[in-house]
Amino acid sequence: MERPLTQHMRPDGKALSLQEYEKTGGYQAARTALKMAPEEIQAMVKNANLRGRGGAGFNTGLKWSVVPMGDDAPRPKYLITNADEMEPGTFKDRMLMEGNPHQLIEGMIISAFAIQAGISYIFLRDEYRTAAKRVAAALSEAYDNNCLGKNIFGSGYNLELHLHTSAGRYICGEETALLNALEGKRAIPRTKPPYPQVSGLWGKPTVVNNAETLSNVPHIVKNGVAWYKGLSRSQDGGTKIYGVSGRVKRPGLWELPMGTTIRELFEEHAGGMQDGYKFRCLIPGGASTEFLTGEHFDVKMDFDSVMKAGSRLGTGAMIIIDDKTCPISVLYNLEHFFAHESCGWCTPCREGLPWVEKLLKAIEEGQGQPDDLEKLEMHGEFLWLGKTYCALAPGAMEPLRSGLKLFKEDFERHINEKRCPYGNGRIF
C-alpha cells in the first residue's frame, strides 16, 4: 500500500531536512512543473480529482481554474495555505507540517506557479508552536538552496513564501475570514461573490487551500494522474490522512486509500474499543458533522459515500463516542465550543449558539424543561444553511440536529429524571 504523504517521515518524529527530503526525490516535481505550462498543471490536478482536504471537498484544480490568467490578469496573485486546523478532533495538518514541511513547501511552489502567483503565505494557528519552528527552519533551508525567492531552480520564476502565525480563532478556517485576518482586520467572513480567486487578499486573485491538499500536489506531478487515481478506492483521487480519537485502543492518524471503510479504520487501525467500553456512535469528520452509528460501519470514508449516509467526510477525523459517556454532555461541549468561536458578525450565529449552549447546559444539569427540545429543534432550523453569513452555525447544527434524533431517549431521561443518568460526566 503506497503512502506518498507519510512514507518518508522519520520514525523519531523529527522533521526531514532539505537534504533528507531531496534524497527521497523531493523538489524533483517542482523542477518538472516549472518547465510545464501553468494550465497543464491545473488540468492534471483537476483530472486527478484531488478534492480539498480541509472539509468542503471541492475539486482543487477546478478551484484554480477560476483564477484570471494571462498577461492582463491582476497582479500580484496570492496562494495561501490554510493551516489553521481549529476543527475539534483534527490534527492531520500538524503531523504533515511537523514531519515533512518541505513537502508542503514544494506543493506550494507548484500550486503557486499553476496560478502564476508571486506571493504565498502559510496561515498557521498560534498553538502549533512546534510546527511553526519546523516550517520556519524549512523555509530558511529552501531560500538558502534556491527553492524559493528569485529565479527558482534557474527557471525564471519568482516566489516569496511567508509564514504567518495567527492569533487564532475557529472562524479563520473560513477562507474569507482568514483573508481579513491576514490583512490585519477583524476575522469575519466576506460576502461572496466576488470569490477570492477573483478578488481575495488586498483585492487581488487569491487561492486558499488546505495544508494536506497542497501536500498532495508534488506526487500528482511526479507520478501522474492515473497513478494518483489508482491509489483510491473511490472516485475521489489519492490517499487520505484519517484520524480516530476517543476511547479506542490505538487513537491516532493513518494515511490510507481514499474510500477506506469506517469498519477498517475503527477495527483494524484504531483497534476497536478499550476494554470495558462499548461503541455507541461516531462523528466521522470533525466536530461539525452528523453522528453515524454501527449500521454505517461499511460506509466508505470518501466525500460522496459519507454524504449519502447522512453526514460529511469533513476532515476525516473520527471521534468515537462510548456507552459510558453522556451524549448530552458531548453535545453541550461541542456547542460550547462553537458558541465561543462565533465571530459575532451575523445575528443567528451570535445570538443563537449561546442559547443552544444554555439549553443543553440546563438539560445536562437536570434543569431542563419539556419544551427545551422543541426550542433546540427550532434553532436547528433557524441556524441552518442559507440563514447565516457563513457555514459556522450550520456546521454547529449538524451534530445537534442528528443528536436530537439519535439521543431522544437520553434527552427525555435528563428532563424527566432531572439529572444526568451518566453522573454528569464530561469527556473533554
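Annotations
- Convex hull projection area averaged over all views, the range 109-208, Cα basis, nm²: 6.6
- Estimated [θ] at 222 nm from DSSP helical runs (n ≥ 4, -39500 (n - 2.57)) normalised by residues in the chain, nearest 500: -11500 deg cm²/dmol
- The fewest-to-most ranking of ASP93, ASP371, ASP126 by surrounding Cβ atoms within 10 Å reads ASP371, ASP126, ASP93.
- Where the Cα pairs of the range 239-322 fall when distances are cut into 10 Å bins, in %: 21, 60, 19, 1
- Projected onto planes of every orientation and averaged, the convex hull of the alpha-carbon atoms in the range 197-267 covers 7.0 nm².
- Remark: the GLU268-GLU183 segment gains 26.1 nm on full extension, using 0.36 nm per residue and subtracting the alpha carbon distance.
- Summarising the amide proton neighbourhood of CYS326: residues at separation of 5 or more, or on other chains, whose placed amide H is nearer than 5 Å comprise GLY425.
- Stretching GLU2 away from ARG233 to a fully extended chain increases their span by 81.9 nm, per 0.36 nm per residue minus the current alpha-carbon distance.
- Two-site label geometry, ASN151 and ARG75: point separation in nm, points 7 Å out along Cα→Cβ: 1.8
- Computed from Cα atoms, the angle from the helix 38-47 axis to the main principal axis of the chain rounds to 40 degrees.
- About the Cα centre, charge dipole magnitude for the chain (Lys/Arg +1, Asp/Glu -1 at Cβ), debye: 580
- In nm, spacing of pseudo-spin labels at GLU374 and ALA43 (7 Å Cα→C-beta vector): 6.1
- Projected onto planes of every orientation and averaged, the convex hull of the alpha-carbon atoms in the range 327-417 covers 4.9 nm².
- Fully extending the segment from ASP298 to THR130 would add 56.8 nm, taking 0.36 nm per residue of separation and subtracting the current Cα-Cα distance.
- Comparing mean-square fluctuations of GLN42, GLN19, GLN103 from a GNM of the chain with C-alpha springs under 10 Å, the top value falls on GLN19.
- Built amide H within the under 5 Å cut-off of LYS240, gap 5+: LEU256, MET258
- For the range 91-99, putting each phi into the Karplus relation 6.51 cos²θ - 1.76 cosθ + 1.60 with θ = phi - 60° gives couplings of 8, 6, 5, 4, 4, 5, 6, 6, x Hz, in residue order, rounded to whole numbers and with x for Gly and Pro.
- Share, in percent, of DSSP beta bridges within the chain that are antiparallel, nearest 5: 40
- Cα-based helix-to-principal-axis angle, 129-144 vs the chain, degrees rounded to 10: 10
- Candidates VAL208, CYS349, MET69 compared by Cα position along the dipole of the chain: farthest toward the positive end lies MET69, with charges placed on Cβ.
- Neighbourhood net charge (13 Å Cβ-Cβ; Lys/Arg +1, Asp/Glu -1) for CYS147: -3
- Projecting the Cα atoms of SER402, LEU392, GLN369 onto the charge dipole of the range 252-410 (Cβ charges, centred on the Cα centre) puts LEU392 farthest toward the positive pole.
- Loop-located GluC sites (Glu not before Pro) across the range 83-155 with a Cβ neighbour count of 16 or fewer within 10 Å are GLU127, with loop assigned by DSSP.
- Rough spin-label spacing in nm, given labels placed 7 Å along Cα→Cβ, for ASN158 and ASP275: 6.5
- Amide H partners (placed H, <5 Å) of SER166, local residues excluded: LEU124, ARG125, ASP126
- Semi-axes of the equivalent ellipsoid for the range 1-140, Cα gyration tensor, largest first, Å: 25, 18, 16
No value in this document is a laboratory result; all are computed from the given coordinates. Since this is a predicted model, take the numbers as computed values, not measurements. Note that we place each Cβ from the backbone using ideal geometry, even for glycine, and neighbour counts take in every protein chain shown.
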